[in-house]
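The values are calculated or read from the model by the stated rules, or taken from the named source; none is laboratory data. Here the structure is a predicted model, which means the values were calculated and not measured. Glycine gets a Cβ as well: all are built from the backbone with ideal geometry, and neighbour counts include every protein chain shown.
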């Protein structure tokens, strides 16, 4: 489908991103997967290309470009030519904007330049063993001691958990209401801040995912991000973009799986003809192509609405829900078309399939997305009578 949302400048940027990923990321896929972690140098090289925190003001080293289409291009190209476990988007567009939006000028000057350069890597720590989608259930606690806070608690399933130099931690600072949370920037090397093992996962093998522990960590008041006790609302502020980022990435992975399969069915022969010549194959590919194009049209529209600052949480939830389901369907069908080879890890489609399974879980489960959408159309049991 001919997409109408990109300009010539966007396409030039796409070419540069593709070249960078093909040269600096793709050759390391296997070694990173085996190590369970991306090389820090990849972030620094990406920073040298001006591809991190592009939204940041020029005085912090950024390009001052807020147009989400550039991030969309980075996500799409990484799915095809990079490594799905390389979470530069999380560092650049999901976590760092909390500093850009809620940080003081001193905090921005202290942290953003190194983040733009890829010298310091971000993570965000919300999920706990007993609190996932329900942020209000967070039990990590920070006690106000005047010039510092004493932070205690643990977080789990934290992406970039091993690499991160700056971790934005959501912790309870008020017991008077369930939304009494605050955000703190915990820095590598702070006494009492420890990391657990790098989790072994079903997919995304190169993405370092860890449990984090905070034992009487003294966090300077200067590292309080935004207003005290307003952390819940600060987190809600970024949810629509987080889910749009997820939707773009899920659809890009599905598109990449489709492309890999198109190549495979054209080469693979059975009973004297290629797989592409069988009616079943052609019908399956036609169904997937239709689903991908319809989903892409909706996501592109969401991107343009988001650029205008008008994307609603409900529409972002629809995009996240639908693209994760399309990704699941497409990667599953593509494995099937690969036959036994699709089950082998040496084939890229196998890794795309296992990577896709988490898409219906993180950034809000499919069930949570359905609940949000249902409420938006008036089906809210909390408002009986």
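Tabulated results
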quantity	calculated
Residue check, residue 242 in the same structural domain as residue 356 (by TED's automatic domain parsing), in contact with a helix residue (DSSP H, G or I) (Cβ under 7 Å, 6 or more places away or on another chain) and not in a loop (DSSP other than H, G, I, E, B)	yes
Residue, nearest to residue 352 (Cα to Cα), within the stretch 260-275, restricted to residues that are more than 28 Å from the chain's Cα centre (by Cα) and surrounded by 18 or more Cβ atoms within 10 Å (Cβ to Cβ)	264
Candidates 323, 281, 331, filtered to the one that is part of a helix (DSSP H, G or I) and touching a strand residue (DSSP E or B) at 6+ places or on another chain (Cβ under 9 Å)	281
Residues within the stretch 120-143 that are part of a strand (DSSP E or B) and either touching a residue at least 60 places away in the same chain (Cβ under 8 Å) or within 30 Å of residue 206 (Cβ to Cβ) (or both), tallied	7
Matching option when the condition is closer than 22 Å to residue 71 by Cβ, surrounded by 23 or more Cβ atoms within 10 Å (Cβ to Cβ) and not assigned by TED's automatic domain parsing to the domain that holds residue 78, among 297, 257	257
Hey, residue 287 under 27 Å from residue 65 (Cα atoms) and either assigned by TED's automatic domain parsing to the domain that holds residue 243 or in contact with a strand residue (DSSP E or B) (Cβ under 9 Å, 6 or more places away or on another chain) (or both) or not	no
Residue that is in a loop (DSSP other than H, G, I, E, B) and in the same structural domain as residue 205 (by TED's automatic domain parsing), where the choices are 85, 146, 153	146
Residue list for the stretch 319-359, restricted to those being within 13 Å of residue 247 (Cα to Cα) and surrounded by 20 or more Cβ atoms within 10 Å (Cβ to Cβ)	319, 320, 321, 322, 323, 324, 326, 327, 356, 359
Any hit, the stretch 106-119, residues being surrounded by fewer than 20 Cβ atoms within 10 Å (Cβ to Cβ), in a loop (DSSP other than H, G, I, E, B) and out of contact with any strand residue (DSSP E or B) (no Cβ under 6 Å at 6 or more places or on another chain)	yes
Strands (runs of 3 or more DSSP E) wholly inside the stretch 160-201 containing at least 1 residues that are buried (at least 18 other Cβ atoms within 10 Å of the Cβ) and in contact with a helix residue (DSSP H, G or I) (Cβ under 9 Å, 6 or more places away or on another chain)	166-172, 181-187
Lone qualifier among 214, 250 - being at pLDDT 95 or above, outside any helix (DSSP H, G or I), outside the structural domain of residue 68 (by TED's automatic domain parsing) and crowded, with 18+ Cβ neighbours inside 10 Å	214
Test: residue 216 is in contact with a strand residue (DSSP E or B) (Cβ under 8 Å, 6 or more places away or on another chain) and without any contact (Cβ under 8 Å) to a residue 60 or more places away in the chain	no
Among the candidates 244, 235, residue that is closer than 25 Å to residue 109 by Cβ and crowded, with 16+ Cβ neighbours inside 10 Å	235
Those residues of the stretch 28-63 which are in contact with a helix residue (DSSP H, G or I) (Cβ under 6 Å, 6 or more places away or on another chain), assigned to a helix (DSSP H, G or I) and more than 18 Å from residue 163 (Cβ to Cβ), in sequence order	60
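Let's see how each residue does on (1) modelled with pLDDT of 95 or more; (2) over 26 Å from residue 257 (Cα atoms); (3) in contact with a strand residue (DSSP E or B) (Cβ under 9 Å, 6 or more places away or on another chain); (4) not in a helix (DSSP H, G or I):
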{"site": "342", "(1), (2), (3), (4)": "yes, no, no, no"}
{"site": "346", "(1), (2), (3), (4)": "no, no, no, yes"}
{"site": "350", "(1), (2), (3), (4)": "yes, no, no, no"}
{"site": "353", "(1), (2), (3), (4)": "yes, no, no, no"}
{"site": "356", "(1), (2), (3), (4)": "yes, no, no, no"}
{"site": "374", "(1), (2), (3), (4)": "yes, yes, no, no"}
{"site": "379", "(1), (2), (3), (4)": "no, yes, no, yes"}
{"site": "382", "(1), (2), (3), (4)": "no, yes, no, no"}
